[in-house]
């Protein structure tokens, strides 16, 4: 048995298996993407609240109306939900998995509201939500015992 350095504890076999399981990387990836998307949505909301320039053409036809404040509040709430889900997902519970799936759905749908104005950016958000779906649905389940 290998000795550990002073002040450091050895990882148990269960802890080592927990971090090297095949789906663990996808769970960490999903949590990181949800956290990054949450931060970006909060930055979007700050922009929407403080923007003083001309609005994109035909914003009155937008899904959430013509006020950037409405978009700002929506993005702030979505950002907080995404950040909360990212942190919760690291607990690796089944509830956290489903909260992450719901959060990715909310993130993807909120990106669609801005699709007519910034299609590439919106499609990037949707693509990342699909990757989070895959990570959580394919690798977020209970481990086989």
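Relative to the current alpha-carbon distance between residue 70 and residue 21, full extension at 0.36 nm per residue lengthens the span by 13.4 nm.
Stretch residue 43-residue 117 to full length: gain in nm at 0.36 nm per residue minus the Cα-Cα span?
Numbers: separation 74, 0.36 × 74 = 26.64 nm, distance 1.75 nm.
The residue 43-residue 117 span can extend by a further 24.9 nm.
Only the coordinates and a few stated rules stand behind these numbers; no lab work does. These numbers were taken from a predicted model, which means no experiment stands behind them.
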